[in-house]
Every structure is written in C-alpha cells, then in structure tokens.
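To start, the structure itself, in structure tokens.
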Amino acid sequence: MLIALLAYLGGMLTIVSPCILPVLPFVFANAGRSFTRGALPMLAGMALTFAIVATLAAIGGSWAVRANEIGRWVALLLLALFGLALIFPALSDRATRPLVALGSRLSDRQGQDSIWSSVVLGIATGLLWAPCAGPILGIIFTAAALQGATLGTSLLLLAYALGAATSLALALLVGGKVFQRMKGSLHATEQVRRVLGVLVIAGVVAIALGLDTRVLSKVSSAQTASLEHGIAQKLGLGGTDQVTKIGPGGKLPVEGEMPSLDGLGPWINSGPLTREQLRGKVVVIDFWTYSCINCIRSIPYVRAWYETYKDDGLVVIGIHAPEFAFERSPENVRKAVADLGIKYPVALDNKLVVWSALKNRYWPAHYFFDAQGRQRYHHFGEGRYGESEMVIRQLLAEAGRAPKASGMAKANAQGAEAAAALAGIGSPETYIGYRRADRFVSPSGQAHDAAKTYGPAALKLNDWSLEGNWTVGRQSATLNAAPGAIAYRFHARDLHLVLGSAKPVRFRITIDGKAPGPDSGVDVKPDGTGVIQEQRLYQLVRQQGDIRDRTFRIEFLDPGVEAFAFTFG
C-alpha cells in the first residue's frame, strides 16, 4: 500500500516536470467540454494505456518496442485528424472515410459529448506519453526488470499514471474556467477552436520529428527528481543512503545480514563460496562490471585491500553484475579479471540474485560484513577509500584479528584505473542504444532496430551524432558498412567509449579535427589510430593540458563495430 501511495504521489509531481509538456496540447484541447464526459474519460484512457505500454516496456521485449512504435504512429495519425477537424469544421461534412469520420467525431463539432470518443483520444495520448524516469518511476521499473512484469508492477504503474492524470485534471479544471471566460468575453468560439487545432497539429509534428525528446533532454527536471527522492526517503522506499553514517567514536551500525551466495557462478580464482564458509571472516563484497569506468577506477583500491589484509582474515568477493549483454560471457569476464590483475574470488551474478537480495542499484558498490555475517557498512560509487579501509581494520580488530600492517594499503592505479579529474568533468555518461539515448542530434533522429544512413550535425556541448549506415538497437549501435563515425562534443580530461566487435576493426580518432598526439588515451596511438579487438571499455582521450570543450570524432574503417556508451573522467 505504501509503495502504491508513493507511485501515485510521484505521478502527481509530473505536472511540474517538463516531461509532461508534449501531451498538454491534447489534454487542453478538451477544455471546453463537460469534465465528466470529456476530460475524465480521456485522462482515464491515457492513464490505462500508459500503464499497459510501460508494463510491456519494463519486460524489455523487442516485440513490445516495435508494437509501441506502431501504436505511436497510429496515435499521431488519429490526433492529426482530430486537430484538422478542429481547424476545419467543414472537413467532417465532406469526409467519407472511416478514419476522417472518427476524427470528426473526436472533435465533437456538433456539441455531442461522447464518452467513448474521449476514451479513444486518451488512448492515443497515452501511446505518446513518456514521462521522466525519476527516482520513483525508476524504483518501479527496476523491480519489473529484475523480477519480471507482474500484476503488482502493472498496478504500481497505473497508480503512477493516475497520479499524473489527477494533477492534469486539476490543471484542466482551472484552465477550463479560463478557457470558458475567454470564449465568453471574446465571442470567438471558432477562433479558439482553430488555435487549439493548430496547437494539436504542432504537437503531432513535434513528436513525429522527435523534437519533443530533443528539447526536453536539454531541460532540467532536477527539481522534480529531488522532490521525488525526498518523498521516497521519508516513506522508506527511496533506497539506501550513499554511505553508512558512522556513529560517535567510530561506532558502526548493524544494517542487515549477509545474503546467501547460492545462484552465483561460475566462480573465478576460487571454488564456490558459501555464507556458512565465511563465518569468522571479514567480508567485502564489491559489485562491479568490467566495462564500467567507475568500477575500473575503484579496483586498484579493492586489490590493495585484498593484498594487505588477506592474511589477517579479510575475504574480498568481486560480484560481477552485468549491465550490457556481452558482459554476461564468462570468457569475457575471465579475460577482464586477468587484464585487471584481480587475484581475489570473482563470481558472476548474471541473474542478479545477490544484487537483488541486497537491493543494490549501483556500480561500483561495496558492502562490508563482520565475522558474524552482519552488514556493518556500505558505500556506493567511487571515493571514501580511506574511510572504507578504516572500517576493514576495525572489523578485523573486532574479530580478534587486528591487522599486522601499521600503515594503510597502497593502491597502484595506472592508465584507465587512475582517479578521475572530477573538477573538470562537464559531460555525463551517455548511452548510444535507443533505450537510454539522449542528446542525439543527427538529422531526423534515430531509427529503432533498422538500418539507416546518418549524417553529421553541428554539436553543442554534450551533443553527439552518428555518421554512415548504422543499426541502432536498445543497448548499442552497430556499423553496417564502412566507413562510419561517431562524434561527441565533450568537456573532461578523459573520454572512454565501450566498444566491441567479433573481428578486428580499425579506427582513427581526432580531437577538434586533429590527431590527438599527447592527448591520446591508452588504447590509441598518438596519430589517432587503433584497433577494436574485444568487447570492453576503451580509453581514447586523456588530455594533458587545460580541460575545455573539445569535439571528439572516431571513424571506423571496417564494419561490424558495436558502440555502447561514452563515459568521462
């Protein structure tokens, strides 16, 4: 019940989020009608359709994505006819085809308040509605992705949509009164109808061209996210704090019990470990995935903890929880473990068993357990390595195994493992697959799961584009024919790109149109050339001078490369 209330409140907050803007023209086009027979059925249809479509999206099936794309185009056609009928009332008199007649009925030009026409209009609007995935909607989607779509998930999504419909209904009631006063004072019913029709058509065109997502991706919704996060935290459903709050005198709380390790595997560097075997040991669980730059930068410290304290009773377990499909491969993980010099046990968690048991949502994430199997500390993300190590020393001392070493562990971080230049990072992690892509500016937008030839575009900071013939999937984009390129306008010391290929693919990079020279990353020669030979994160740029806005471009000279995500450091 509590999570349902949270979902409903999160939905209500969408009214102050820019994500609601694309559907407003369709909602307010009903402002002049009876609320109970016009606006209410439409909002109900919109909420129900969103809940159904979002449930399918949470499952993640490609067939659901294609079905929704078809539905969006049908909805756009339906709403375009609705808009035209508002602008040209005579159109319905001359129309004889069923779709135009439907559009005419939806416009209610003869003043008949049809409940079903409003429901149909709401369904069409629901197919177009894609609200921001803030913390609350993120909680619901994460649960659905990990546990599969259930009736409970669908009801939560419906509660979220009903919350948004409630806030829209309140806005419509207020806006409707203003609308009626305008009509009464101006005696301009037809003119107002035509203006509304123009707004509806403009909304249809904007959505069809992808302008809504491009514009909204540049509009901050941080204020809504912070409100949602605050509500979630107060209700105890917003996730765990980033780091354990240590009490006076260094007192560590008890946050829970170590979960079962059954279901993990295969294991690397050791046989399978069990919770019972680990009794009497201090255990650090490190959630990581090998293409995550934040994980790569934290591994030198985890390695150092293991080497320094393993003889004192510390056990480190690296739980590899994949983000991309290629990270599920045991062979790929084994190679990454060897390349990173990891000697401690690593277990694959492809089914996210332990990830779910600890309700984890982060890479990297570190959980610390005492000799009795109790969780005493956690930390998400990079940093706080000194505090984390002091926790290890304290837990070992509590277990009667005070560390022999008097000094702190020394981490050796080279290349991509080196700490990020945090003060200079002005570019966010950017996904290339359409499921999470944003700020993509190639003309006419991305085509989903279909080959398309893309052209270059003018780039502002954090914009990116494709060039050449690519197929963009949910997680990545694959180059169908060489040459092809990706460009990104970034601000950071380091630029990384997660890439993969079944066979070697040659590439060449430029920074502001020139070879990188001393600014080349560890996977690039100074002349900008390199080869993609495996699926992993590639460090392509490490600037030596002042950090400023730069234009990065990578050209692939062979087909078959798969590009997943940019990260920066």
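The values are calculated or read from the model by the stated rules, or taken from the named source; none is laboratory data. Since the structure is predicted, the reported quantities are computational estimates derived from the model, not experimental observations. Glycine gets a Cβ as well: all are built from the backbone with ideal geometry, and neighbour counts include every protein chain shown. Areas reflect the complete protein model, heavy atoms only, side chains present, ligands, DNA and RNA absent. Shrake-Rupley method; radii C 1.70, N 1.55, O 1.52, S 1.80 Å.
Which of the residues spanning region 338-351 are crowded, with 17+ Cβ neighbours inside 10 Å and either at positive phi or of a type in the set (Gly, Ala, Ser) (or both)?
347
Looking only at region 435-448, which residues are open to solvent by 30 Å² or more (accessible area, probe 1.4 Å) and farther than 20 Å from residue 495 by Cα?
Across region 435-448, the qualifying residues are 435, 443, 444, 446, 448.
If I ask for residues that are within 27 Å of the chain's Cα centre (by Cα) and closer than 16 Å to residue 338 by Cβ, which ones from region 303-323 would you list?
Those that are within 27 Å of the chain's Cα centre (by Cα) and closer than 16 Å to residue 338 by Cβ: 318, 320.
Taking the stated definitions as given, is residue 427 of a type in the set (Gly, Ala, Ser), in a loop (DSSP other than H, G, I, E, B) and open to solvent by less than 20 Å² (accessible area, probe 1.4 Å)?
Yes.
Which residues, taken from region 520-536, are open to solvent by 50 Å² or more (accessible area, probe 1.4 Å) and among the acidic types (Asp, Glu)?
The one that is open to solvent by 50 Å² or more (accessible area, probe 1.4 Å) and among the acidic types (Asp, Glu): 527.
Which of the residues that make up region 537-569 are in a loop (DSSP other than H, G, I, E, B), at pLDDT below 95 and open to solvent by less than 20 Å² (accessible area, probe 1.4 Å)?
543, 569
Only one of 522, 498 is of a type outside the set (Phe, Trp, Tyr), at pLDDT below 95 and closer than 19 Å to residue 465 by Cβ; which?
So the residue among 522, 498 that is of a type outside the set (Phe, Trp, Tyr), at pLDDT below 95 and closer than 19 Å to residue 465 by Cβ is 498.
Checking residue 511 against (1) touching a Ser or Thr at 6+ places or on another chain (Cβ under 9 Å); (2) more than 27 Å from residue 326 (Cα to Cα); (3) open to solvent by 10 Å² or more (accessible area, probe 1.4 Å), only one condition comes out false. Which one?
Just one mismatch for residue 511, condition (3).
Look at region 496-524 and say how many of its residues are among the polar types (S, T, N, Q) and in contact with a Leu (Cβ under 8 Å, 6 or more places away or on another chain).
Of the residues in that region, 1 qualify.
Here is a yes/no grid of residues against (1) free of Cβ contacts under 8 Å to residues at least 40 places away in the same chain; (2) basic (Lys, Arg); (3) more than 30 Å from residue 252 (Cα to Cα); (4) outside any helix (DSSP H, G or I):
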residue	(1), (2), (3), (4)
376	no, yes, no, yes
382	no, no, no, yes
389	no, no, no, no
395	no, no, no, no
405	no, no, no, yes
410	no, yes, no, yes
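List the number of the failed condition for residue 357; all other conditions in (1) small (Gly, Ala, Ser); (2) in contact with a helix residue (DSSP H, G or I) (Cβ under 9 Å, 6 or more places away or on another chain); (3) more than 19 Å from residue 309 (Cα to Cα) hold.
Among (1) small (Gly, Ala, Ser); (2) in contact with a helix residue (DSSP H, G or I) (Cβ under 9 Å, 6 or more places away or on another chain); (3) more than 19 Å from residue 309 (Cα to Cα), residue 357 violates only (2).
Go through the residues of region 314-322 one by one and say whether even a single one is closer than 29 Å to residue 490 by Cβ, in contact with a Lys or Arg (Cβ under 8 Å, 6 or more places away or on another chain) and in a helix (DSSP H, G or I).
Checked region 314-322: no residue is closer than 29 Å to residue 490 by Cβ, in contact with a Lys or Arg (Cβ under 8 Å, 6 or more places away or on another chain) and in a helix (DSSP H, G or I).
Filtering region 412-424 down to residues that are in a helix (DSSP H, G or I) and among the small types (Gly, Ala, Ser), which residue is modelled with the highest pLDDT?
Result: 424.
Filter region 385-398 down to the residues that are among the aliphatic types (A, V, I, L, M) and closer than 14 Å to residue 375 by Cα and list them by number.
391, 392, 395, 396
Taking strands (runs of 3 or more DSSP E) that do not extend beyond region 449-505, which have at least 3 residues that are open to solvent by less than 30 Å² (accessible area, probe 1.4 Å) and within 22 Å of residue 428 (Cβ to Cβ)?
Output list reads 464-472, 477-490, 494-500.
Do we have any residue at all in region 385-401 that's under 32 Å from the mean Cα position of the chain (by Cα), of a type in the set (Phe, Trp, Tyr), open to solvent by less than 60 Å² (accessible area, probe 1.4 Å) and farther than 30 Å from residue 536 by Cα?
No, the conditions are met nowhere in region 385-401.
Identify, from the list 517, 455, the residue that is at positive phi and touching a Pro at 6+ places or on another chain (Cβ under 7 Å).
Result: 517 is the single residue among 517, 455 that is at positive phi and touching a Pro at 6+ places or on another chain (Cβ under 7 Å).
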